[in-house]
1. Using 31 Å as the Cα-Cα cut-off, could you pick out the over-long pairs in A:Lys410/A:Lys501; A:Lys562/B:Lys354; A:Lys244/B:Lys453?
2. Just for chain A, what percent of DSSP beta bridges are antiparallel, to the closest 5?
3. Could you name the lysines in cross-link range of A:Lys230, using Cα to Cα under 18 Å and dropping any fewer than eight places away on the same chain?
4. Where Lys and Arg each count +1 and Asp and Glu each count -1, what net charge lies around B:Arg160 among other residues with Cβ under 13 Å from its Cβ?
5. Cα centroid distance between the range A:372-394 and the range A:183-226, in Å?
6. Hey, what did the range A:457-594 get for relative contact order, percent, Cα under 8 Å, at least 6 apart?
7. Report, as an integer, the average count of C-beta atoms from other chains found within 10 Å of each Cβ along A:90-97.
8. Per-residue Cβ counts within 10 Å, from other chains only, averaged over B:344-352: what number is that?
Amino acid sequence: MTELSRTGAIRDINGPIVTVDLPGARSGEQVKIGELGLFGEVISLAGTTAVVQTYESTDGVRPGEIAVGLGFPLSVELGPGLMGGIFDGVQRPLEKIALQSGDYIRRGISVPALDRARQWEFEPNEALEPGAKVSGGLVLGTVQETLTVKHRILVPPGVAGELEELAPAGDYDIEASIARVRTAKGHILKLSMYHRWPVRRPRPYLRRDDGISPLITGQRVIDTFFPQLKGGKGAVPGPFGAGKTVVQQQIARWSNADIVIYVGCGERGNELVDVLESFPQLDDPYSGRKLMERTLLVANTSNMPVVAREASIYVGVTMAEYYRDMGYDVVMLADSTSRWAEALREVSGRLGQMPVEEGYPAYLASRLAAVYERAGRVETYGAGSGSVTLIGAVSPPGGDFSEPVTSHTKDIIETFWALSKELADARHYPSIDWVTSFSGHVHTAAQWWHKEVDANWERRRTAALALLARDAELSRIVNLVGPEALSDAQRWELEGASLIKEGVLQQSALDDVDTFCSPQKQFALLDIAIKIYTSGAELIAIGVPVSELQNLPILAKMRRIKSMYTSDQMDQIQAFRAEVNSAMEEIRIEYAKQGEPAVS
Amino acid sequence: MSIKEYRTVTQARGGLLVVKDAPGVAFGDRVRIEDYSGGIRNGQVIRAADDAVLILVFEGTEDLDLERTWVRFLDEPVEIALSPELLGREFNGLGEPRDGRPPILSNLRRPVAGSAINPAARTYPREFIQTGISTIDGLNSLVRGQKLPIFSGSGLPHNRLAAQIVRQAKLKDEDTSFSVVFAAMGVSYADAKFFRDEFASSGVLRNVVMFINLADDPPVERLTLPRTALTAAEYLAYDLDRHVLVVMTDMTYYAEALREVATAKGDVPARKGYPGYLYSDLAEIYERCGRIHQRHGSITMMPVVSMPSDDITHPIPDLTGYITEGQIVLSRELHNQGIYPPVHISPSLSRLMKDGIGKDDTREDHPRVSAQIYALYARAQETRNLASIIGADELSERDRRYLAFADAFDTRFVGQGESEDRSIEATLNLAWELMSSFPRDMLTRLKETDLAKYYTGTD
């Protein structure tokens, strides 16, 4: 690329925004700034001057210093060696940087994302013979990237031609040529195991498909009440302290995706370290191996340069698309998109652009939509079906969901897990509010649940939500006139709703037993809670006083059973169902003996 | 490059100077300004273009004229001299002595701007710090390397609480005390004196470095003060292997100074006139706290943030809450009832608590006791609201139990003496005593084994 590079001079430094004299610069082009060689990208052009946003602090840079246009846009390296890694917002490997520059990140340091020295065991695709027609997205072979992930080596998008030679099985580094392709024009292209891709351009696919199966996260309020599909897009908005990060981490830990990409965008350093330290210890419930083997982290902590924060989401989603193109189901978690939007605002403010809402630039909504649109389930060119599920945390200032980032996000996404401060204050976690949350995927998810778990799933779910809605209504009355004004049946409704809340919705991420809940256990808990409520309601109808039901020990057990037995101990949970039935039956018989059913 | 001096000041307003025709000046560099009377001021380059340079003057631009002001670019970043002699001293925001003693002489100088810790070099904080305060230790535990702000309001005893924490904070079963870096921005003379006296009387003064900018000192200096203080804290923690507790009061005045300068610069305002980069700016300060691999020392931070009009959604507490690992919120209502420390537990939170407590750190029942107390207190608050509408006499037996719990909790658990240093066991036992006023089956957050061991009720 050196033949494309051009040099110019710095004119003006305003924090991360640097104006340079650089004739022929292209919008989006990478620029190296000053003697320190700080990286940046061109965001606007006027005459011969270009405005560059830099990914690093510009302290010490002077007007007159050199600026070098590199001729290509911000790109990431895609190839084996990404899994298990931790990268900064512009895909620099943080662990290697720590080895080179110590505890702090030295400016201008440039380390490639992928290890050049490491050898990978390449297995060629046996279906490919010399002379075969190949094109972008086709699988040339595989590499066992980690114990869990088989990395498919793809023909880079845009390459097409006739395969001249495919390397035999063996150990190669990522720069070694593993295939030669003759293009239609007769050029010979040497392909290696990695290629580069500009992050702001979505990777191509054959066609887009509808999502069909739910992403199972092991979290009851998500899977059972507000399901997400593989290939869907969702948002987790919540004020600080409501538990966004824990919800995201739980999804990263327990979801049944093949690949998890966690983008800490403007987040707390200490929380990222928690992920870094705990994931290598945790077992993947699906493969039985370590979670880190299918996880990749992009870390831009809140004190790292703001422009790299803006880039981090694109870097993350591009890597997600790359694994999607191998035919995998990828979940990308972005924590938080508000910080990303604020980075946009910060840059636009420095450029003096006209703000529209709360200082945000006019292009906020379109940028947000474009990012979320990169999620989806697709038919890939060469590896079957793959998906990117994109879940973004939103941090609305003051917890106000009407602010621009939350409201624009709400228009774009399909699943909305709204976190509530009130629930969090009562330590009801996950604090996903069942009144304001929604999922556009319930009917699709229902087909899966009915087939895989129980045909009554949607009915029970609806019954539970109706009970919760009733609870909200009755609670208003109680708050006005006190609980004495309610009838026994109404009080039992409150009790039933409380069983759903405490026995089903509440789930402790810290409890070893309850942190993950299989779909079978989810349904059993819901079903038993509804069972207790409905049979209790029948008993009240024949005159049993509510206080007698409230004193039943099965109520306390219903609230605790989630953390008594794991998903593998379904027998004990079913035994509890029998216990519930006999306790209710006992009361029925007792009251039947007394005869005279009370008239209601 | 040689040191350059210019007399081409073309504008002076709101703490900012514009100097024309000063090419080749580095962004972020330190500046020395001499006014017509020979007085010296300090500044920093905050925008460097080839035709003009914008300078932030820490002492402000009051009383400057355009003709007789000399600007000298020192060709070095804003730095502080570091040595063990820092301890026991008092400085201003630029690291110049305020205590009448000579400046620190040291070859070791570091730029105050700092740089981001590589997340891959951090260690997760998990060592429980006992502050001796029940609402913190029992319900919102602090760990070494955490940043836990106190959200307060005017007239609330945040300074007393911060001083009590400084006095009492220790690792469980360990006697090593903390070194303290105290950063005061825009506080009153009386508040600064309170801390100084407090440090002196509790005998920790030799272990304290103070950086002070009073309410009547130039506000622009507040922008560099926390950075200077944290550079000193990093030196103590990572060079001298000390555990450092940084107390910063009051971050609200810091943010107001930032807004003042941003407005003068003509930055586009985001919320309430604060610039769009307030979040990033606060994060640069708060994120300097933590633990690093293979370094013995640590930085734990307790910033005080006073909430304007007690509004927790105001941009300053709001953005702080998004950066820090929790918050301790003080309540005017509790304060008015004479309860000290008036910690309102509902909105208070410690995000790093989960890994610092439990069997190996405090006691095995601790996480569940905390969850149970929160659940009971939330319900008790609802009952209080209800009682205020329909009257306590109309409440059911069960609800009256909640009311009694809430009152006992506020006075006995939240309330404690200013010199009362409760051990974590005492705090947990007190929690059990209060919870035991409920029958066992209402305590669903606790395990059967916890109940068997600690429950003292009769049901």
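1. A:Lys244/B:Lys453
2. 70 percent
3. A:Lys451
4. -4
5. 5 Å
6. 28 percent
7. The per-residue average across the peptide is 2.
8. Per residue, the number of nearby Cβ atoms from other chains is 4 on average.
Each reported figure results from applying straightforward, stated rules to the coordinates on display, with no laboratory input. Please read all numbers here as calculations on a predicted model, not as lab measurements. All Cβ positions, glycine included, derive from the backbone under ideal geometry; neighbour counts span all protein chains shown.
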